[in-house]
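Here is the structure we will look at.
The values are calculated or read from the model by the stated rules, or taken from the named source; none is laboratory data. Being a predicted model, the structure only gives us computed values, none of them experimental. Using ideal geometry, Cβ is built from the backbone for each residue, glycine included, and neighbour counts are taken over all protein chains shown.
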Amino acid sequence: MRLWGCMVGLGAVLLAVGALAVRAPAVGAPAVGASSSILEMTPPIGGLALANLRDMFNELHNGHPHEAIDIMEPRGTPVRAVVSGTVRKLFLSKPGGNTIYEFDEMEVYCYYYAHLDAYAKGLHAGQRVQRGDVIAFVGSSGNADQRTPHLHFAIFELGPEKVWWKGKAVDPYPGLVAAVKRTK
Ligand SMILES: [Zn+2]
């Protein structure tokens with residue numbers, strides 16, 4: 001009887017281990033280190049609520065994996081730097097419109113803001129920004145629908161070359177949820 005109970009217990013442990021294995025970080029969601037800037041993010045939009053966030057990292061948009069989150073906001077809503085770091089590149093792209101690539105202090109992650117209506121006055125590549133600084137305004141530039149302005153926000157883990165155009169997409173949803181909860 002005792003042995004049976006023990007074996008049931010062992011079975012439960014094995015099941016739990018199996019569940020953990022299944023839930024191990026998938027591609028695109030690397031484990032986040034204790035010093036990761038993702039853990040220190042503040043929301044890119046003031047007054048953001050959990051209801052404004054939906055995990056859409058794996059959705060297909062225009063036939064491509066989205067690998068980002070869209071936050072619907074009125075045109076002109078200030079967009080704030082989610083971490084302190086450096087504006088590495090302001091780039092006008094056909095799909096993204098006016099975009100910002102921001103590196104964190106350690107140059108581990110790149111934070112990407114797209115479909116911007118405009119940049120904050122004087123914003124330029126190489127500029128140091130503090131977390132919470134207004135860096136741009138929500139819009140629908142690029143391939144966004146004019147009727148649904150939104151912030152397209154993504155996070156990339158930079159490769160060893162530390163170049164703004166190359167990185168591995170990380171799902172921004174969990175980090176944003178945590179950031180919103182910290183503001184409550
Ligand atoms: Zn998007």
Check: Are any residues in segment 27-47 within 16 Å of the ligand (Cβ to nearest atom) and either modelled with pLDDT of 95 or more or not small (G, A, S) (or both), and if so, which ones?
Finding: P44, I45
Notebook entry, point to check: Which numbered condition trips up P78, out of (1) within 14 Å of the ligand (Cβ to nearest atom); (2) under 21 Å from R182 (Cα atoms)?
Noted result: (1)
Margin query: Take L123 and tell me if it is over 17 Å from T42 (Cβ atoms), surrounded by fewer than 23 Cβ atoms within 10 Å (Cβ to Cβ) and touching a residue at least 12 places away in the same chain (Cβ under 8 Å).
Written below: yes
Notebook entry, point to check: Restricting attention to segment 53-73, and to residues there that are touching a helix residue (DSSP H, G or I) at 6+ places or on another chain (Cβ under 7 Å), within 20 Å of G167 (Cβ to Cβ) and of a type outside the set (V, I, T), which single residue is farthest from the ligand (Cβ to nearest atom)?
Noted result: D55
Next item on the list: Looking only at segment 83-109, count how many residues are within 16 Å of the ligand (Cβ to nearest atom) and in contact with an Asp or Glu (Cβ under 9 Å, 6 or more places away or on another chain).
Entry: 2
Margin query: I'm trying to understand the selection: among the residues of segment 145-164, which are buried (at least 19 other Cβ atoms within 10 Å of the Cβ) and not in a loop (DSSP other than H, G, I, E, B)?
Written below: H150, L151, H152, F153, A154, I155, F156, L158
